[in-house]
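Step one of this worksheet: look at the structure below.
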Amino acid sequence: MHTAYINRVATAVPPYDVHDAFRRFAQSALLAADPRNAQLFERMAGKSGIEHRYSCLAPSNLPEGERLDAAGFYPHGGYPDTTARMQQFERHAPELAQTAVDRLQLGADRDRITHLLITCCTGFSAPGIDFELIERCGLPSTVERTMIGFMGCYAAINALKLAHHIVRSEAAAHVLIVNLELCTLHLKDTTDLEQMLSFLLFGDGCAASIVSAEPVGTALDSFHAVLVPDTRELITWNIRETGFDMVLSGRVPAAIHDGLQKHGDEILAGAPAASIDLWAVHPGGRTVLDAVERAFELTPAALASSREVLRRYGNMSSATVMFVIESLLRSRTHGRSGCAMSFGPGLIAETMLFRTAA
């Protein structure tokens, strides 16, 4: 059996930093409904660990509370329907995906791409991003395409798992993975505090990576999924008339902690947590990272890369853990053991053990 390696990872975000604009907009909306919730929102925002989030929609420079974005896509009292949101996805998603793939600097290697895997839960169309990328990036027309849709934040680990299987069965395979999410297309016109805090987390982003049998980068060792019982209502993601509706319960961090603590030995294949050099944990939020840190009794420095990605970009759903892996690869750590994990609807933790090439 051939070992599969993540050879390269590249990342991209849209040009517009919207985090501060959203904070002002949300606080204004909450203030009109309940001043106490507005104060609580601002206090929680300050503790979120997030300083920047990016969107394909330019923020508005109008006075707070009038509208969120410059083009008026989110006017107060008149948020768009799902059709309008998908039209924005079709407009902006291919460009962001192409930017990420271009940053891989494939050159002549683009002719060696045999498989294209795309993860996305924030937009759909057909022909879709897969066909767009073949044309835009000059990929072989014979490339085998797979869409891994609507799995949420843990989809990147599932894509790596599929790439792992492909490479182990086809030694010459070169798998291009694209994790693309435009989360900011799904804001709701609401004054519900818990919903506003959920929207505070999410931004747009894309990661592209190459997986092959070439022993460069990060070796993919094993995968393990943990389904936490009696938690299926804690994270939900459904398509409705006015966009995609998310429920993200405040009970998620505690459920993640309990699930990881119970199944830690299985996730780490019996190895002690102290033997893991690198942790690539999906930063679903500050409290999620805190829960992982407690469950494995990690030092504060262990999740530094995850916290830095959260600070700089927020939660970009399936793309986010790849931003963390890209950060670890960039640090040029060789011959180190690692554990990656992401969390999403189910509630499920998808985990992966890896090694950086010597």
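The values are calculated or read from the model by the stated rules, or taken from the named source; none is laboratory data. Keep in mind it's a predicted model, so treat the numbers as computed, not measured. Positions of Cβ are generated from backbone atoms using ideal geometry, with glycine treated the same way; all protein chains shown enter the neighbour counts. Remember, those area values only see protein heavy atoms, side chains included, never the ligands or the DNA or RNA. Shrake-Rupley method; radii C 1.70, N 1.55, O 1.52, S 1.80 Å.
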Consider the range 50-63. How many of its residues are touching a residue at least 12 places away in the same chain (Cβ under 8 Å) and of a type in the set (S, T, N, Q)?
2
Residue pairs within 9 Å by beta carbon, gap of at least six or interchain, first lying in the range 330-357 and without any contact (Cβ under 8 Å) to a residue 60 or more places away in the chain and at positive phi, second in a loop (DSSP other than H, G, I, E, B) and open to solvent by less than 40 Å² (accessible area, probe 1.4 Å), listed first then second, are Gly335/Ala357
Counting only residues that are assigned to a loop (DSSP other than H, G, I, E, B) and open to solvent by less than 50 Å² (accessible area, probe 1.4 Å), which one in the range 14-28 is modelled with the lowest pLDDT?
Val18
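With respect to Thr191, determine if the residue is in contact with a helix residue (DSSP H, G or I) (Cβ under 7 Å, 6 or more places away or on another chain), under 25 Å from Lys47 (Cα atoms), of a type in the set (S, T, N, Q) and touching a residue at least 60 places away in the same chain (Cβ under 8 Å). Break it down stepwise before answering.
Details: in contact with a helix residue (DSSP H, G or I) (Cβ under 7 Å, 6 or more places away or on another chain): yes; under 25 Å from Lys47 (Cα atoms): yes; of a type in the set (S, T, N, Q): yes; touching a residue at least 60 places away in the same chain (Cβ under 8 Å): yes.
Yes; evaluated as a whole, the condition is true for this residue.
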Among the residues of the range 293-345, which ones are farther than 20 Å from Gly217 by Cα and of a type in the set (Phe, Trp, Tyr)?
Phe296, Tyr313, Phe343
Restricting the range 54-74 to residues that are over 25 Å from Glu95 (Cα atoms) and either assigned to a strand (DSSP E or B) or of a type in the set (A, V, I, L, M, F, W, C) (or both), the residue that is modelled with the lowest pLDDT
Leu62
List every residue pair whose Cβ atoms sit under 6 Å apart, with the two residues 6 or more apart in sequence or on different chains, where the first one lies in the range 300-323 and is modelled with pLDDT of 95 or more and the second, anywhere, is open to solvent by 50 Å² or more (accessible area, probe 1.4 Å).
Arg311/Glu51; Arg312/His52
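What's the total number of residues in the range 227-260 that are without any contact (Cβ under 8 Å) to a residue 60 or more places away in the chain and loosely packed, with under 14 Cβ neighbours inside 10 Å?
Taking the range 227-260 and keeping what is without any contact (Cβ under 8 Å) to a residue 60 or more places away in the chain, we get 229-230, 233, 238, 245, 247-251, 253-254, 257-258.
From the residues that got through so far, the ones that are loosely packed, with under 14 Cβ neighbours inside 10 Å too are 229-230, 233, 238, 250-251.
Number of matching residues: 6.
Which one is nearest to Ala319 (Cα to Cα), of the residues in the range 29-49 that are open to solvent by 40 Å² or more (accessible area, probe 1.4 Å) and without any contact (Cβ under 8 Å) to a residue 60 or more places away in the chain?
Keep residues of the range 29-49 that are open to solvent by 40 Å² or more (accessible area, probe 1.4 Å), which gives 31-33, 35-37, 39-40, 42-44, 46-47.
Within this subset, residues satisfying the condition of being without any contact (Cβ under 8 Å) to a residue 60 or more places away in the chain are 31, 35-36, 39, 42-43, 46.
Details: Leu31: 33, Pro35: 35, Arg36: 34, Gln39: 31, Glu42: 27, Arg43: 27, Gly46: 24 Å.
Out of the qualifying residues, it is Gly46.
Residue by residue through the range 341-358, note down the ones that are open to solvent by 30 Å² or more (accessible area, probe 1.4 Å) and over 20 Å from the mean Cα position of the chain (by Cα). Even if it seems obvious, please write down each step before you answer.
From the range 341-358, those open to solvent by 30 Å² or more (accessible area, probe 1.4 Å) are 345, 348, 355, 358; that's our starting set.
Residues satisfying the conditions are Arg355, Ala358.
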What are the residues in the range 224-255 that are closer than 18 Å to Asn315 by Cα and either assigned to a strand (DSSP E or B) or not small (Gly, Ala, Ser) (or both), if any?
Leu234, Ile235, Thr236, Trp237, Phe244, Asp245, Met246, Val247, Leu248, Arg251, Val252, Pro253
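List the strands (runs of 3 or more DSSP E) that sit entirely inside the range 111-222 and contain at least 3 residues that are more than 21 Å from Ala349 (Cβ to Cβ) and open to solvent by less than 60 Å² (accessible area, probe 1.4 Å). Steps first, answer last, please.
Values: elements: 115-120, 144-149, 174-182, 204-212.
In the range 111-222, the matching strands (runs of 3 or more DSSP E) lie at 115-120, 174-182, 204-212.
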